[in-house]
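See below for the structure under consideration.
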Amino acid sequence: MLETLNNWIISANDWIWTYLLIILLILIGLYFTFKSRFVQFRYFGEMFRLLGQGVSNGKGKNSVSSFQAFCIATASRVGTGNLAGVATAVALGGSGAVFWMWVLALIGSASAFVESTLAQIYKEKGERSFIGGPAFYIGKGLKKKGLALLFAFIIIITFGLVFNSVQANTIAIAFHEIYGTGQLGPAIILTFFTLITIFGGIHRIARVAGIIVPFMAIAYILVALFILFNHMTAIPALIGHIFSNAFGIEQVVGGGLGATIMQGVRRGLFSNEAGMGSAPNAAATATVSHPVKQGLIQALSVFTDTIVICSCTAFIILLSDLPLDGTLKGIQLTQAAVGHEIGPFGAQFIAFCILLFAFSSIIGNYSYCETNLFFISRHPAGLQIYRIAVGGMVFFGSVAGLDIVWNLADLFMALMTLINLIALIFLGHLALKALKNYNDQKRRGIKSPVFKASDIPEIEDQLSEWK
């Protein structure tokens, strides 16, 4: 009976993600792209400028800088999916899947901008930093407290408990396969570092993410650049193959074009999480003078995740010329590709990347849930109990696996995404008004625009932190 239920959940996930949510995410992303007049392209340089400012600004005792908020969101986005998920997309969909990952990232950046700007608009003051996210803008903006509570409950269970156990399981398996270690040792170590990080609250998470994310991204990119440099003459042909495979006659005739597009689309969306309602929880914590600033920075996080990190994995695999026949898949394909290019050190390097990527996702995922736990109840005992539960699930995930729980989490995430998309449809115009206000101030020569609640009169009474 359990196997039958698991198969039903898998089928439901495939139908919901393939025929409902992916279509909605694409359409809503395109809508905000056009309504914002391609904000993700027009303000690309501004994103980097704001991120640079955030490195040094807003580091007070009770504040989180925009750079730290960027790192927290990127920590959650950049996980094992960037190594294993991309490999699966390329193995099943061919090189053309990479093109469709790029397209979805560029489209999804607009949705990421809107949801993160909304999170800033509706943020509230917490004990040690600002807090906010979809639960807050659903509860205050849509005035649907029940729906907001449902969203908060789902993300607390899915991201903080189940998905964190998946990340922990990936770390334990990777080290077992490479070093032959038992899973108990890594489980104890990982659980210990998880607990000492999350018990330090959002500020410790922000500091740890601010160190790990730049380090792991730079290390992985440097290895990718080394491999690309060694295959420099093959890169033009590779780019051409990616584009031709994305639209190729061969794929149309063989019936593979749909698989190519779907693999790229699905893996891109699962990786960058644009529109899903997770990253806005981190975006709301930042101390900025205008909501649009953090919206732009979080749009850059989508670019970093997919266009940069995911592309590194895809290029390494495609340049290795390993057979994409299903013999190797997931993380094994990535490990084999890196090992093929840089020798036996490659497998150990990927294990190290998995450790950093997955651990950063664990603490990033937890930070989302702490915000939503505060939305439900601000009783300190509940927070401490939840932190222990997160540590327990990290330990459990390191030593055991339960497919039905993980598949059920995918179903919960689908419901969470649907709730967030409904909110974006009804509240997205407010983010666009904030963008117009930001543009108007920039045109008047104001280098650092400042937002006030009165700038959006129809919701002025809801914006206590912007008075």
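The values are calculated or read from the model by the stated rules, or taken from the named source; none is laboratory data. Owing to the predicted nature of the structure, the values given are computational and were not obtained by experimental measurement. Here Cβ is always computed from backbone atoms with ideal geometry, including for glycine, and neighbour counts include all displayed protein chains. SASA here: full protein model, heavy atoms, side chains in, ligands and nucleic acids out. Shrake-Rupley method; radii C 1.70, N 1.55, O 1.52, S 1.80 Å.
Cross-linked pairs LYS144/LYS436; LYS140/LYS293; LYS125/LYS442; LYS125/LYS452; LYS140/LYS442: Cα-Cα separations exceed 24 Å for LYS144/LYS436; LYS125/LYS442; LYS140/LYS442. Model label sites at ASP461 and ASP321, defined 7 Å from Cα along the beta-carbon direction, differ in position by 7.1 nm. Highest-first packing order for the peptide set 150-159, 452-461, 292-301, 126-135 is 292-301, 126-135, 150-159, 452-461, based on the mean count of other beta carbon atoms within 10 Å.
Taking all protein chains together and rolling a 1.4 Å probe, HIS241 ends up with roughly 100 Å² accessible. Within the range 372-402, name every residue whose backbone N is under 13 Å away from a label modeled 7 Å from Cα of ARG204 along the Cβ vector. Only 384, 387-388, 391 fall inside the zone, counting backbone N under 13 Å. LEU147 contributes about 60 Å² of solvent-accessible surface, heavy atoms of the protein only, 1.4 Å probe. Here the 3J(HN,Hα) profile of the range 209-226, calculated from phi with Karplus coefficients 6.51, -1.76 and 1.60 at θ = phi - 60°, is 5, x, 8, 5, 4, x, 5, 5, 5, 5, 4, 5, 5, 5, 5, 4, 5, 4 Hz, Gly and Pro shown as x. Taking packing as the residue-averaged number of other Cβ atoms within 10 angstrom, the listed peptides 359-371, 35-47, 433-445 run from highest to lowest as 359-371, 35-47, 433-445.
Per residue, the range 108-201 exposes 34 Å² of accessible surface when a 1.4 Å probe is rolled over the protein heavy atoms with every protein chain present.
For LEU415 and ALA219, the FRET efficiency from 1/(1 + (r/R0)^6), where r spans their Cβ atoms and R0 equals 30 Å, is about 0.25. Taking each residue as 0.36 nm, the span from LYS145 to ILE388 lengthens on full extension beyond its C-alpha to C-alpha distance by 84.7 nm. In this simple spin-label model, placing a label point 7 Å from the Cα along the Cα-to-Cβ direction at both PHE34 and LEU184 gives a separation of 6.1 nm.
For a label point 7 Å from the Cα of ILE376 along Cα→C-beta, name the residues of the range 153-177 whose backbone N is under 12 Å from it. Zone members listed by number: 153-161. Here the spin labels are modelled as points 7 Å beyond Cα on the Cα-Cβ line, and at THR4 and MET232 they lie 6.3 nm apart. A simple rule links phi to the HN-Hα coupling: the Karplus curve 6.51 cos²θ - 1.76 cosθ + 1.60 with θ = phi - 60°, which for the range 412-429 gives 4, 5, 4, 5, 4, 5, 4, 4, 5, 5, 4, 5, 5, 4, 8, 10, x, 4 Hz, with x for Gly and Pro.
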